[in-house]
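Student: Submitted below is the structure of interest, expressed as structure tokens.
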Amino acid sequence: MTAFLLIWSPRKWPWPDLPEVCEAFVRSREQQQVVIDNWGCGFSRSLMAGDRVFIHRVAKEPKGLFASGWVTRAPYEVPDVNRKRGYRLCIDFSYDWLVDAHREVVITRDELRVHPFSVQTWDAQTSGNVIKPMVEGPLEKLWAERTGGRRAPPAVVIPGPAAKAAQKQG
């Protein structure tokens, strides 16, 4: 399995409905379901269904990792007139952990500055970067300690707000 880093900058995209997505995630866990969302993956076409993703908040405090999940759909093109190439690449993924990063993160940026995490570029400009294998194991271990374990997604799916919006645009 490969793990990838997704980036969220509140300066570029405020994500005002993140608290609602978090509430949907909590409800879905209680019902043993999952929330599916989509995310831009930069120029990376190497993400595949079943790959692991972690979302990192950058640019504004609190900085750090606040969500994780599993890719459910490989990169696909979404029309975007604001891009030079006329589209952006997105993936669909299911959350297996999510907290409201407007208020908290699971692993802080400062914690990611120490070995072995320090060998990874965390403050990337775009999403879709591979998490280095020597970082992936320790990251999964710390993530499991903080979140209560790693969960594979159940079979029943609830589309999240961003996925619903993308479906309307498509």
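Student: Which of the residues spanning the range 130-153 are assigned to a loop (DSSP other than H, G, I, E, B), out of contact with any strand residue (DSSP E or B) (no Cβ under 6 Å at 6 or more places or on another chain) and open to solvent by less than 50 Å² (accessible area, probe 1.4 Å)? Let's see the steps before the verdict.
Tutor: Taking the range 130-153 and keeping what is assigned to a loop (DSSP other than H, G, I, E, B), we get 131-132, 148-153.
Narrowing further to those that are out of contact with any strand residue (DSSP E or B) (no Cβ under 6 Å at 6 or more places or on another chain): 132, 148-150, 152.
Residue satisfying the conditions is 149 alone.
Student: Step by step: first the residues of the range 77-92, then only those that are at negative phi and out of contact with any strand residue (DSSP E or B) (no Cβ under 6 Å at 6 or more places or on another chain), then the one that is surrounded by the most Cβ atoms within 10 Å (Cβ to Cβ). Which residue is that? Give the derivation first.
Tutor: Going through the range 77-92, the residues at negative phi turn out to be 77-85, 87-92.
In the following step, the residues that additionally are out of contact with any strand residue (DSSP E or B) (no Cβ under 6 Å at 6 or more places or on another chain) were identified as 81-85.
Values: 81: 6, 82: 6, 83: 11, 84: 6, 85: 9.
My answer is 83.
Student: Among the listed residues 89, 47, 5, which satisfies the condition of being under 30 Å from residue 134 (Cβ atoms), under 10 Å from the mean Cα position of the chain (by Cα) and not hydroxyl-bearing (Ser, Thr, Tyr)?
Tutor: Values: 89 fails: under 10 Å from the mean Cα position of the chain (by Cα); 47 fails: under 10 Å from the mean Cα position of the chain (by Cα).
None of the others qualify; the one that does is 5.
Student: If I filter the range 93-129 down to residues being touching a Pro at 6+ places or on another chain (Cβ under 8 Å) and of a type in the set (A, V, I, L, M), which single residue comes out as most open to solvent (accessible area, probe 1.4 Å)?
Tutor: This residue is 105.
Student: Counting only residues that are closer than 23 Å to residue 139 by Cα and without any contact (Cβ under 8 Å) to a residue 60 or more places away in the chain, give me the strands (runs of 3 or more DSSP E) lying completely in the range 19-127 with at least 1 of them.
Tutor: Working: elements: 34-40, 52-57, 64-79, 87-98.
By residue number, 52-57, 64-79, 87-98.
Student: Take residue 14 and decide whether it is within 30 Å of residue 118 (Cβ to Cβ), open to solvent by 10 Å² or more (accessible area, probe 1.4 Å) and outside any loop (DSSP other than H, G, I, E, B).
Tutor: Details: within 30 Å of residue 118 (Cβ to Cβ): yes; open to solvent by 10 Å² or more (accessible area, probe 1.4 Å): yes; outside any loop (DSSP other than H, G, I, E, B): no.
Criteria not met by residue 14.
The values are calculated or read from the model by the stated rules, or taken from the named source; none is laboratory data. Here the structure is a predicted model, which means the values were calculated and not measured. Cβ coordinates were reconstructed from backbone atoms using ideal geometry, including for glycine residues, and neighbour counts include every protein chain displayed. Heavy atoms of the whole protein, side chains included, go into the accessibility calculation; ligands, DNA and RNA do not. Shrake-Rupley method; radii C 1.70, N 1.55, O 1.52, S 1.80 Å.
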